[in-house]
């Protein structure tokens, strides 16, 4: 693998490679340039998250240069804005860059461009700057501090015939999930060649006595899942849990997909007391049969929800009605109100679930999401 700087440079050149009429170069010390040209230069900056994490701020400059005596100012400006537009109009720039290098990019965005053309030595010159955060660490790396539960379909699945009987916790905490109701199955290649556990709307797994929790205690829940159209049953309460925690009507938290009655199916995060005015944050961005990377973080003072790396809303834990301490059991594929007949089963594929007993930071969330997005190619 090339250096981080060179990987960033090459990946950005790939973004604008479809623009005709210019030559492209990465940075090389003491190397002559051919005009016109686009030159990209990245520079390793401060290390992010924690020391020795291998995650670096990498300020980057893209410069477009042309001969002033052979190129009209208007033509030069038009070409520059073609390059700039190519970067601005890509909402998935970080993912695109990842696909074109050996690095995992957490952040990549244009932060500015030069306000005017500079003419020196018979040349036009304009530049733009980007804020890039990149790492050479392999995507299997996620923060371990506070990691309470890690379930992934490519490890620790116990079968009886084709049915899943247990799903072993990979966090090292022994919070293993076992089959409670119905039968989920293991599908060997479902999301970007990776396996999933498939739930048919009548099955779940459960981890008993996982933790004691209340609505203003920090927690982070992140999952990769795909809900099918059959999740929704018209006229019924139909928010179906991807992962949930309750204790017989006590504190409730979870990631759900669905709608109520005739509502548009959506991804939502629920926090609060079951059936007593709990808080929901919803997004219609996760469609039926679409893979979604959903993240919910409760800091104790703010609940934040993200879908595919983008914020879908926040809420105040103080708005929760009747939240109380309860010994929670996490359920996979349904709610876990143990006296409920329905249990809000999900018709869905679940690939991976990561839970922390704290509110992870923004760089940490981006690190987990980058790991999952690299693995499952979601966005």
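Readers should treat all values here as calculations from the given coordinates under stated rules, not as data from a laboratory. Not measured: the values here are computed from a predicted model. As a convention, Cβ positions derive from the backbone with ideal geometry for all residues, glycine included, and neighbour counts pool all protein chains shown.
Calculate the spin-label point distance for residue 379 paired with residue 165, positioning each point 7 Å from the Cα along the beta-carbon direction, and give it in nanometres.
With each label point 7 Å from Cα toward Cβ, the separation is 3.9 nm.
Could you calculate the contour length gain from residue 121 to residue 185, that is, 0.36 nm times the residue separation minus the distance between their Cα atoms, to one decimal place in nm?
Length gained, residue 121 through residue 185: 16.2 nm.
Subtracting the Cα-Cα distance from 0.36 nm times the residue separation, let me have the gained length for residue 47 to residue 145 in nm, one decimal.
Values: separation 98, 0.36 × 98 = 35.28 nm, distance 1.84 nm.
Length gained, residue 47 through residue 145: 33.4 nm.
Residue 75 to residue 110: extension gain in nm, 0.36 nm per residue of separation minus the Cα-Cα distance?
10.4 nm
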